[in-house]
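The values are calculated or read from the model by the stated rules, or taken from the named source; none is laboratory data. Quantities reported herein were computed from a predicted structural model and do not represent experimental measurements. Methodologically, a virtual Cβ is constructed for each residue, glycine included, from the backbone with ideal geometry; neighbour enumeration extends over all protein chains shown.
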Amino acid sequence: MTEEIKNSNWKLRKGQIVAARQLTRTEKWFEIKLEGSDLDHEPGQFVQVELYGIGEAPVSVCSSPTKRGSFELTVRAAGRLTTHMHTLDKGDWVGIRGPFGRGFPVKLMTGNDLMFVAGGLGIAPLRSLINYVIDNRREFGKVHILLGSKTPADMLFGSEIEVWQKRVDVDFSCTVDRRDPDWKGNVGLITSLIPGVHLNPEKTFGVVVGPPIMYKFVIAELLKKNLPERQIILSLERHMKCGMGKCGHCQIDHPKNYYCCKDGPVFTYEEVKDSKKL
Ligand SMILES: Cc1cc2nc3c(=O)[nH]c(=O)nc-3n(C[C@H](O)[C@H](O)[C@H](O)COP(=O)(O)OP(=O)(O)OC[C@H]3O[C@@H](n4cnc5c(N)ncnc54)[C@H](O)[C@@H]3O)c2cc1C
Ligand code: FES
């Protein structure tokens, strides 16, 4: 299903943090420069980040491949490794393997309309694709971006979102589950934004990334809009160890025994709709 992973991607490479910023209480952004060469990733791929003496964790690349010289990650402090990662800053070094996995089907999407639906940290992998599309804007049709977060303070990449919002060639809307006193925008789940979007189902790809609970409801809304199952694109998360199809840890409960790290993390809904859990 996927091309063989390049041999060089298996090797641990040294990456230096050249910039870091706390985005929210739980998410920190890092810009990393690899020793020797560029990462050369595709939007939707991930790297294995290694912290010496602690271990490895998969993290999506959140910058577009159109940005050369360095790449970016956004890390939520979820457990041992990711919490330790938050103590790192400019000048510190990490180990990087990858890029791994099948990214978003950019070639297939070229020439078509796109509807991005991101919930919470799901904006991290989607930001890579959104910025790729914006940097190659003429190659794509209409672009809709729908964002959802728990509260206004949890919304990631605020200044970049403002830029997307102001573009005349992007139809942007966002919502929060719970407002704060300064919030003047939509309040409600991300699914509430979908009925208001006018799309041509024949030539639209819906790209959905967010917490697992979100998928079922967003997919139901996209199917109501008559989007074909093969044009609904999802990025899935599973516990991973090797990141390259060798250990079996990330197997998806599916008759075809997909490995999330190698066959995904990006799948069409048509491919994974028979899984017990998305
Ligand atoms: C393809 C892929 C891309 C990812 N991209 C990002 C990203 O861009 N930013 C980011 O912050 N995180 C991302 N994650 C999740 C990240 O890998 C986990 O949060 C991390 O592995 C946790 O490691 P830890 O040592 O900090 O936590 P641990 O101490 O190992 O565990 C802390 C808690 O998190 C749970 N957990 C661990 N791994 C996962 C997982 N994969 N899914 C759900 N729960 C998990 C554990 O069960 C435990 O409850 C991604 C995961 C995958 C598979
Ligand atoms: S993480 Fe080892 S097979 Fe996917």
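For segment 242-252, does any single residue satisfy the condition of being on the phi > 0 side of the Ramachandran plot, in contact with a strand residue (DSSP E or B) (Cβ under 6 Å, 6 or more places away or on another chain) and away from ligand 2 (no atom under 16 Å from the Cβ)?
no
Which of the strands (runs of 3 or more DSSP E) found entirely inside segment 146-239 contain at least 3 residues meeting this: within 16 Å of ligand 1 (Cβ to nearest atom) and under 21 Å from PRO43 (Cα atoms)? Walk me through it before giving the result.
Details: elements: 171-176, 204-209, 232-235.
The qualifying strands (runs of 3 or more DSSP E) are 204-209, 232-235.
Collect the residues in segment 60-77 that are under 19 Å from the mean Cα position of the chain (by Cα) and free of Cβ contacts under 8 Å to residues at least 40 places away in the same chain, keeping them in residue-number order.
Pass one, segment 60-77, residues under 19 Å from the mean Cα position of the chain (by Cα): 60-68, 70-77.
If the condition is that a residue be under 19 Å from the mean Cα position of the chain (by Cα) and free of Cβ contacts under 8 Å to residues at least 40 places away in the same chain, then ARG68 is the only one that fits.
Is it the case that VAL75 is among the β-branched types (Val, Ile, Thr), within 16 Å of ligand 2 (Cβ to nearest atom) and under 19 Å from ALA124 (Cα atoms)? Here the answer is no, as VAL75 does not meet what is asked. Among the conditions (1) more than 10 Å from ligand 1 (Cβ to nearest atom); (2) out of contact with any Phe, Trp or Tyr (no Cβ under 9 Å at 6 or more places or on another chain), LYS14 misses just one, which is (2). Run THR83 past the list (1) within 13 Å of ligand 1 (Cβ to nearest atom); (2) surrounded by fewer than 15 Cβ atoms within 10 Å (Cβ to Cβ); (3) part of a loop (DSSP other than H, G, I, E, B) and report the number of the one that doesn't hold. Failing condition for THR83: (3).
Against the condition at pLDDT below 95 and out of contact with any Gly (no Cβ under 9 Å at 6 or more places or on another chain), how does GLU72 come out, does it pass? Let's see the steps before the verdict.
Values: at pLDDT below 95: no; out of contact with any Gly (no Cβ under 9 Å at 6 or more places or on another chain): yes.
Spelling it out, it is not the case that GLU72 is at pLDDT below 95 and out of contact with any Gly (no Cβ under 9 Å at 6 or more places or on another chain).
Candidates are the residues of segment 240-274 that are within 16 Å of ligand 1 (Cβ to nearest atom) and part of a strand (DSSP E or B); the one that is farthest from the chain's Cα centre (by Cα) is GLN251.
Within segment 80-99, not a single residue is under 16 Å from the mean Cα position of the chain (by Cα) and away from ligand 2 (no atom under 16 Å from the Cβ).
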